[in-house]
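A quick write-up on the structure given underneath.
Every number in this text was worked out from the coordinates using simple rules, so none of it is lab data. Here the structure is a predicted model, which means the values were calculated and not measured. Please note: Cβ atoms are built from the backbone with ideal geometry, for glycine as well, and neighbour counts cover all protein chains shown.
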Amino acid sequence: MSRPIHALIHLDALRHNLRHARHMAPQSRAIAVIKADGYGHGAVRVAHALAADATLFAVASIDEALVLRQGGITQPLLLLEGPFEPAELPLCAEFGLQITIHHRCQIDMLERWTAPQALPVWLKLDSGMHRLGFALEHASEVYQRLAGLPAVAPGIRLMSHFACADERDNPFTRQQLTRLQQLGLPGEHCWANSAAVLAWPETHGDWIRPGIMLYGASPFAHTTGADQGLRPAMSLNSRLIAINRISRGEAIGYGSTWRCPETMDVGVVAAGYGDGYPRELPSGSPVCVGTRTVPLVGRVSMDMLSVDLRTHPGARVGDPVQLWGPQLPIERIAQAFGTIPYTLLTGVTARVPRQEQHG
Ligand SMILES: Cc1ncc(COP(=O)(O)O)c(C=O)c1O
């Protein structure tokens, strides 16, 4: 028998979540963000599941795009950071990739390239996040320069990213939007990530660009995906591989960080930081054994973790365990660890087999 940990990918949940995004932004076309191997769910799998409802898929690099092409994905693909070097441009043309242009060095690449065919371009504007993109005062000049290049297909589109859309009370999203609206540049535009899709309808525009919501997790602190009408697309599941009776006062795991307050049953689960389950999770973090939620005890090790079974006397070796998923919202684990669902989902390691659940 193989090690029991696996990530179950709920294909129907992925489809439901994209439909929900489109329902929230009915006038917009959807760019499904499937970078970082579809936020850990398997980009090819996610793209196949969403092919009917997504107009475009967005990835972080040409390598990620080529994996999708090799996986039989024929939809247009967008490189969110554009080309990193000139040698990528012919591949973009060959494989039907759309490119983001966020820096003058990329315009120089396009200028020097004798293009067999013009590439669709998204001009990235920095409206206040100050990560990637052209300062708004240069937007018009850059747009004109791009529009004059043979390597650039007609119909340049505009893209920008919000810094604080996950904070519903933060006025900065509206300020970024106003700056973008005041530009008055022609072309279709795409501003909204998941948080903006869910919380800022005025930002939706021609296109939306949801990522995390497709996977059923909430972009907002202190809420779950279910609160937003989403369904978890991943269950991280394993099993109890041992139950040991440990005496009062004895300590559990590396560093002896947790001691049994009484003689008790401690369960051992085949899941650890080598699978992407965070080592930093404190004792008391929730783990679902069967249908009961029980506390993690002691340090998470590479391949195993321990749980306090005092409230679950019926637990047996072999019982199913859910680390996160429909029974245990990933947001609860993220909060216990002081992080966000994005890092947990993208952190599930390659040794964890992904299995598909249809329906
Ligand atoms: C440029 C860009 N657009 C869209 C997204 C999707 O954001 P989210 O996953 O918050 O919806 C990301 C994610 O990091 C991004 O970097």
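Per residue, the chain reaches -7000 deg cm²/dmol at 222 nm when only DSSP H runs of four or more residues are counted, each adding -39500 (n - 2.57).
Close amide H pairs (under 5 Å, H built 1.01 Å from N) link Gly276 with Thr349, residues at least 5 positions away or on another chain. Give, to the nearest whole percent, the P(r) tail of the range 39-91 beyond 17 angstrom, counting all Cα pairs. Tail of P(r) above 17 Å: 32 percent of Cα pairs.
Considering only DSSP beta bridges where both residues belong to the chain, give the percentage that are antiparallel (nearest 5). Around 50 percent of the beta bridges assigned by DSSP in the chain are antiparallel ones. Only alpha carbons enter this Debye calculation for the range 166-240, each as an equal point scatterer, and the log10 of I(q)/I(0) it gives at q = 0.23 Å⁻¹ is -1.05.
Going from the residue with the fewest nearby Cβ atoms within 10 Å to the one with the most, Ser2, Ser283 rank Ser2, Ser283. Using only Cα coordinates, the Kirkwood hydrodynamic radius of the chain works out to 22.0 Å. Springs between Cα atoms under 10 Å define the GNM used for the chain, and in it the highest mean-square fluctuation of Pro120, Pro286, Pro86 occurs at Pro86.
May I ask for the distance between the Cα centers of the range 139-153 and the range 278-347, given as a whole number of Å? So the two Cα centres are separated by 52 Å. In plain terms, if you count all Cα to Cα distances in the range 191-336 and split them into 10 Å steps from zero, the share in each step is 12, 36, 27, 14, 8, 3, 0 percent. Centroid-to-centroid, using Cα positions, the range 207-272 and the range 1-33 are 21 Å apart.
In whole angstrom, the range 271-359 maps to an equivalent ellipsoid with semi-axes of 20, 16, 13, each derived as √(5λ) from the alpha carbon gyration tensor and ordered largest first. Normalised by the number of residues in the chain, the mean separation of alpha-carbon contacts (under 8 Å, six or more apart) gives a relative contact order of 19 percent. The trypsin sites (Lys or Arg not before Pro) of the range 103-144 that DSSP puts in a loop, and whose beta carbon has at most 10 other beta carbons within 10 Å, are Arg131. For the range 108-198, applying the loop criterion from DSSP together with a ceiling of 16 other beta carbons within 10 Å to the GluC sites (Glu not before Pro) yields Glu167, Glu188. Between Val46, Val294, Val197, the residue with the greatest mean-square fluctuation in the GNM of the chain (Cα pairs under 10 Å linked by springs) is Val294.
Rounded, prolate or oblate: which fits the range 11-218 when a ≥ b ≥ c are the square roots of the eigenvalues of the alpha-carbon gyration tensor, with rounded for a/c under 1.5 and prolate only if a/b beats b/c? Verdict is oblate for the range 11-218.
Stretching Arg29 away from Arg174 to a fully extended chain increases their span by 50.1 nm, per 0.36 nm per residue minus the current alpha-carbon distance. Given R₀ = 41 Å, what would the calculated FRET efficiency be for Ala226 paired with His130, taking r from the Cβ atoms and rounding to 0.05? It comes out at approximately 0.75.
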